[in-house]
Structure formats: structure tokens, C-alpha cells
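Asks: Structure below; questions to follow.
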Amino acid sequence: MAQTQRQFAALLGRLGKPEAEFNQPWIAGTTVKSPAGLRTDKFIVGLVLHWNGRVTVSGAGIAALTVDSLGQLIQEIRLYGQHAVYGNIRPIVIRGGLVRALNRIFRFNYVPRDQASAANSAAWGAAGAAQAAGHYDFDIFWTLPLFPQPMSLSLAPMYSLKGPDWAGNLFLEADCGDFSVLGGTGATVAFSAYGSGAGNPTLYVSVMRPNIGVSTMNRLSPAISFKSYKLLDSVLQGPTFANNLITTLNIGKKMAMVMTECGTPFAGLSASMRAYASMSDAMLTRLMVGLDGKELVQISSGFDEQEWSQWLGGNIMPVGYNEYSFMRESGNPDSAFPAETLTAARRFEIDGDVSGANNQIGVLLQEEILGSPALAAK
């Protein structure tokens, strides 16, 4: 090969900056859809969703804000399409709030760059705080990496989407929240265009495309990273148990990481909306990955897990979250658990301890890898 391995890695590391893809009006309770397929002439390693608009709080205001209330204005993000080899697949199905939590846990000292305008800079409160009446012009962000977390960014294209493999058949959808996900009611919260009492907020979608030449891109066949979730509500609202099955995990792909999110739901949510009044570490108190009823590692305490995660990442683990990563220590996707080798006769699972009670909800995020990167000879 004319290029050395080091030179090739340098080429892959040219991630560039977010590139504008499309924008659409954000309308509460609806779904924003890409008007056409995303551009697929290059690799795609990440997405940035940017909400730009006004929240008007009126009357007595909001009695108690939800957890990461502004982050709930996008309820779910889906990326799907027709792949040249794998057919119709959905690499991304993830809650908007989970995107932000994932970054807080795995990106050192990360805080979303949400901001209010200078003209309307009154503070927006934390979870449980009251929010006074007023006009609040916001920019709110969801940054979604399409590669496994955590890993070297120079490897990102090797575990992301190669645009030409989708040939113009790659689409994005985002479900919009409503007044209730902030903690408000239809009488106290309204949405409009930025700096205005009319119109609608705008959702801007940008795509991270590495600056890789065509010849280099054509040689690389990446693995594909999947992010999907399942609800844990029925488990958390069921009987209390210790060292038992919480739920089964997917098979058929390598498993890079699982993450749980637990809390109490906000009481005034509209139908199909989801937001937390508070988060809790007391609902799912121990998380272990197992196979056929036997844990791969016997963990003594969920606090031990969180302490280790904090030491590895240098971040404070948010209350209500726990993660079990197969690649966090090494940052190497090859360390992912080989769940693609399991048959339907095997039971890949998460086990642990649950303190069951009514009014508890939760989510399990699974991050998987399909295939292995391959580099054709030049």
C-alpha cells in the first residue's frame, strides 16, 4: 500500500464540522421528517439537531420543571433506510433525552451548548424548580455520534455510515415533544418562532461528514453502529427481586454497551409523551450482564459500577443512570461482546436487583456493532 497505516488513520481523523442538511418547522406533538433522503456521497459519523425557537410561559408559570426539560422537546430520533448489503435497517432509534445523557456520561466534561438569547436571558430552572412567566428564546442541541462510545475519533468512520452504501435512501425522523414534557400545561406554555410570538420554532439538522477523498472512501467498508432502546416500565413497576433477570438483550450483532435510565414520570404528561419528574438510583440498584442465567461478572453494588464509570470517564455519573460497557476500558470496538455468535437458544440478558413500585419508569439503551471494518487493497 502506498499509504502507511499511520497516514491512513490521519485521513480518517479529518472529521470536519457540522454541515447543514435540512431544516423544518418544529410543531409540538408532530414528527419532523427529512424532506428527501440525506445526502449520501460521503461518510456520516454524526448528527447535530438544533432547536431554535421561543417558549412562552404565561399565567402562574410552571409549578415544577421536568428533568432536562428542554432536552425532552425531541422525544425520539430515528435514522433508517435501505443498505446495499443489509437491506432495510434502522441504525438509530433513541430517545432525545438519552442522547444528551449518553454524551454527559461518555464525553469528558460535556455540557450541551443550550443558550437563551441576550434579550431573554432569564434563567431556566433545573428539575423540580418553578418557572416564572416570561418569553424564553432558546437554542437547544442534541449531538448524536453514529459510532460506539467511547472510542478514538480517528476510528469513527470505521464504525459509522458509508453514504454510498445507502444510495440516497437514508432518512431521519424526530418526534416533537409538547408543553407537558417541560412540566407545563396547554394553558401556561406556548411555542413560536425565535424572537417572535408568531410562527413555529425551527429544527435544524446538520451532518458530520469526514473530509475523506473518494479513493480512500471507496476502499473502506465500515461496520455499522446501532443504538436502540426498550422500556423497563413493567419491570420497575413489578415485584422487588435480587440477582434475577431484568430483561433480555439483542443478539445477532456485537454488543458494545448497555445503559439504563430510571426515574419517576411527570404526572401531567400528554398521551405518548415521556419525561421524568425526578431520577433515582434506588429503583435498579445493580446491573449485570449475563448469559443463560449466569452473570459474566458478579457485581456487589451499583454504586461500585458508578464509581468505576466515573473514574474511567472523569465525569460525575448522573443520578438514575448506570452503564455496562465492554469497550470503555480499552476504547477498542473489537472488545465488544460477540453476541452475533449466539443462537436463539441462548439467553443474553441483564440481571440485577430491582426495588419495584408503582410510578417508576425506565429505559434500556443497547449499543451494537454489525460487521467488521474492512480495507481493500489499493
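Asks: Which is at pLDDT 95 or above and either among the small types (Gly, Ala, Ser) or under 22 Å from the mean Cα position of the chain (by Cα) (or both), of PHE171, PHE138?
Replies: PHE171
Asks: Scanning region 326-342 for residues that are modelled with pLDDT under 85 and buried (at least 16 other Cβ atoms within 10 Å of the Cβ), which turns out farthest from ILE369 (Cα to Cα)?
Replies: Among those residues, the one meeting the criterion is ARG328.
Asks: May I pose another question? Based on this model, can you work out whether VAL319 counts as crowded, with 21+ Cβ neighbours inside 10 Å, of a type outside the set (D, E, K, R) and under 29 Å from GLY128 (Cα atoms)?
Replies: Values: crowded, with 21+ Cβ neighbours inside 10 Å: no; of a type outside the set (D, E, K, R): yes; under 29 Å from GLY128 (Cα atoms): yes.
Against the criterion (crowded, with 21+ Cβ neighbours inside 10 Å, of a type outside the set (D, E, K, R) and under 29 Å from GLY128 (Cα atoms)), VAL319 does not qualify.
Asks: Filtering region 355-371 down to residues that are farther than 26 Å from LYS253 by Cβ and either buried (at least 17 other Cβ atoms within 10 Å of the Cβ) or aliphatic (A, V, I, L, M) (or both), which residue is farthest from the chain's Cα centre (by Cα)?
Replies: By that ranking, first place goes to ALA357.
Asks: Then there's this: Of all residues in region 71-92, how many are farther than 19 Å from TRP26 by Cα and either under 12 Å from the mean Cα position of the chain (by Cα) or of a type outside the set (Gly, Ala, Ser) (or both)?
Replies: 10
Asks: Moving on to the next point. From the list GLN298, GLN366, GLN306, GLN310, exactly one residue is of a type in the set (S, T, N, Q) and in a loop (DSSP other than H, G, I, E, B). Which is it?
Replies: GLN298
Asks: Name the one entry in PRO201, PRO239 that is modelled with pLDDT of 95 or more, surrounded by fewer than 18 Cβ atoms within 10 Å (Cβ to Cβ) and closer than 30 Å to PRO265 by Cβ.
Replies: PRO239
Asks: Return the pairs, sorted by first residue and then second, in which the second residue is of a type in the set (S, T, N, Q) and surrounded by fewer than 21 Cβ atoms within 10 Å (Cβ to Cβ), the first residue lies in region 323-342 and is in a loop (DSSP other than H, G, I, E, B), the beta carbons are less than 8 Å apart, and the residues are 6+ apart or on different chains.
Replies: Listed pairs, sorted by first residue: PHE326/SER335; MET327/SER335; GLU329/SER335; GLY331/SER152.
Asks: A further question on this structure: Just one of (1) touching a residue at least 40 places away in the same chain (Cβ under 8 Å); (2) closer than 27 Å to ASN169 by Cα; (3) surrounded by fewer than 21 Cβ atoms within 10 Å (Cβ to Cβ) trips up ASN88, so point out which.
Replies: (1)
Asks: May I pose another question? Considering region 102-154 alone, what residues qualify as being part of a loop (DSSP other than H, G, I, E, B) and either buried (at least 18 other Cβ atoms within 10 Å of the Cβ) or at positive phi (or both)?
Replies: Once the filter is applied, which keeps residues that are part of a loop (DSSP other than H, G, I, E, B) and either buried (at least 18 other Cβ atoms within 10 Å of the Cβ) or at positive phi (or both), region 102-154 yields ASN109, TRP124, ALA127, GLY128, LEU146, PHE147, PRO148, GLN149, PRO150, MET151.
Asks: Right, something else. Test ALA64 against the criterion of being in a loop (DSSP other than H, G, I, E, B), within 25 Å of THR264 (Cβ to Cβ) and either modelled with pLDDT under 90 or over 14 Å from the mean Cα position of the chain (by Cα) (or both), and give yes or no.
Replies: Taking the combined requirement at face value, the residue satisfies it.
Asks: Do you know which of the residues in region 271-295 that are hydroxyl-bearing (Ser, Thr, Tyr) and either modelled with pLDDT of 95 or more or in a strand (DSSP E or B) (or both) is nearest to GLY71 (Cα to Cα)? Steps first, answer last, please.
Replies: In the first step, residues of region 271-295 are kept if they are hydroxyl-bearing (Ser, Thr, Tyr); the result is 272, 276, 278, 280, 285.
Checking the rest, the ones that are also either modelled with pLDDT of 95 or more or in a strand (DSSP E or B) (or both) come to 276, 278, 280, 285.
On the way: TYR276: 11, SER278: 14, SER280: 18, THR285: 25 Å.
Looking at residues that are hydroxyl-bearing (Ser, Thr, Tyr) and either modelled with pLDDT of 95 or more or in a strand (DSSP E or B) (or both), I get TYR276.
The values are calculated or read from the model by the stated rules, or taken from the named source; none is laboratory data. Please read these numbers as outputs of a predicted model, since none were measured by experiment. Every residue, glycine as well, gets a Cβ built from its backbone with ideal geometry; the counts of neighbours run over all protein chains shown.
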